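These notes concern the structure reproduced below.
The values are calculated or read from the model by the stated rules, or taken from the named source; none is laboratory data. Note that this is a predicted model, so its numbers are computed, not measured. Positions of Cβ are generated from backbone atoms using ideal geometry, with glycine treated the same way; all protein chains shown enter the neighbour counts.
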Amino acid sequence: MENYVITVSRMFGSRGHEIAARLGELLQIPVYDRSSVEALVPDPGSLQNAGTEGEHSGRAEETGAAPQSFMARLFRRDTRDHAAEEAQAMFNAQAEVIRGLAEEGSCIILGRCGDQIFHGKKRCLNVFLFAPDEVRIRNCMEMLHTDETYARTLIASEDRTRREYRKRFSADFPDEVTGRQLLLDSSVFGVEESARILASAARYLFYED
């Protein structure tokens, strides 16, 4: 069977990582997230300091100060242009890795603006997972064993960071509908049934009779 790709974008706290993992089990195909993709970027060199989606970079300043988040560096006037170039180079490198993974075999890409990377690809299912704020807050409290105040703060921060990431690298920002074939409220179906719905859609689109 010809390779296919499922890209899964999601709101923070919508249990997207769990759903993607279960979907991979049902379809018996690998799931690649931020960590696994970044680990495959060959000899990143100067790119290793370009964090993504609000993650902290791995470099401390020579003065010994704590490393700044990428987005903080991006909007500092004196480093903005250089940081933007780093971000674009990192995105390009990751996109090349992701395309290579899809050539090797069918797979699920979690985040990374996968729908943008595979724009126009025929055998591709683009999915967006979401949930109401109150459900996302509860999910964060359960998964991170934290209180409501911290969960709200974290969600607001992650939402802002993901909007900035998508704004920079997606031509469809801020539209969450264009280019997506399925939008799914994970709070209605839960992890297991959400994964089964997506697996059924993938089989309908890609599996030969």
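Observations
- Filter pass, HIS56 being at pLDDT 95 or above and either loosely packed, with under 14 Cβ neighbours inside 10 Å or within 20 Å of ARG163 (Cβ to Cβ) (or both): no
- Restricting the range 8-45 to residues that are part of a loop (DSSP other than H, G, I, E, B) and of a type in the set (Val, Ile, Thr), the residue that is nearest to GLU164 (Cα to Cα): VAL41
- Pair list, Cβ under 6 Å, 6 or more apart: the range 150-169 residue within 24 Å of ALA89 (Cβ to Cβ), other residue among the aromatic types (Phe, Trp, Tyr) and modelled with pLDDT under 95: ARG166/PHE173; LYS167/PHE173; PHE169/PHE91
- Whichever residue in the range 118-139 is without any contact (Cβ under 8 Å) to a residue 60 or more places away in the chain and outside any helix (DSSP H, G or I) and, among such residues, is surrounded by the fewest Cβ atoms within 10 Å (Cβ to Cβ): GLY120
- Any chance GLU164 is over 28 Å from ILE29 (Cα atoms), acidic (Asp, Glu) and modelled with pLDDT under 95: yes
- Hits in the range 89-99 - residues which are free of Cβ contacts under 8 Å to residues at least 60 places away in the same chain and within 17 Å of LYS121 (Cβ to Cβ): GLN94, ALA95, GLU96, ARG99
- Test result for THR178, among the β-branched types (Val, Ile, Thr) and over 23 Å from ARG123 (Cβ atoms): no
- Within the range 4-36, tally of residues that are of a type in the set (D, E, K, R) and over 11 Å from the mean Cα position of the chain (by Cα): 4
- Yes/no for ALA156 being surrounded by 15 or more Cβ atoms within 10 Å (Cβ to Cβ), modelled with pLDDT of 90 or more and of a type outside the set (Lys, Arg): no
- Residue check, THR178 within 19 Å of the chain's Cα centre (by Cα), closer than 30 Å to GLU86 by Cβ and part of a helix (DSSP H, G or I): no
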